[in-house]
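Readers should treat all values here as calculations from the given coordinates under stated rules, not as data from a laboratory. Bear in mind that the values here come from a model prediction, so they are computed numbers and not experimental data. Note that each Cβ is placed from the backbone with ideal geometry, even for glycine, and that neighbours are counted across all protein chains shown.
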Amino acid sequence: MARVVHGAGPEHAYRSHGTPPDQFDPSSMIRPLGATIHQLVPAEPGWRALYRGEYEEDTESARVVAWALVDGEGGSQELVGLVVAADTPDRIVPAPEGASAVAPEFDRYGFRES
């Protein structure tokens with residue numbers, strides 16, 4: 001069953017980019033990974049990408065919205081969390097690229113039940 005995310009569908013695209021809902025391409029919201037996506041699945045609520053900054057209090061997190069199985073180094077495959085970009089909230093990016101200016105370094109993934 002598909003899950004509807006408020007503010008991330010065709011109506012949002014029309015409001016923010018002027019794209020009519022019937023011409024909306026959801027893949028346009030995902031920044032290219034530079035690798036082939038072999039599988040894409042929604043993440044369970046509670047998964048977060050954790051970021052750190054220069055100081056201990058400079059930490060942030062972003063909700064992982066999906067997991068992507070992509071090509072890795074040496075012909076292997078790796079699992080990458082996808083998050084909404086901190087600086088461009090209408091784009092979905094790999095978690096390591098989703099950091100903000102306050103906490104620019106991706107640290108790890110974490111899970112906390114709601």
Phi-based couplings in Hz for region 53-65 (Karplus 6.51, -1.76, 1.60; Gly and Pro marked x): x, 5, 10, 4, 6, 8, 10, 9, 9, 9, 5, 6, 8
Inter-label distance, nm, simple model (7 Å from Cα along the C-beta direction), GLU78/ARG63: 2.6
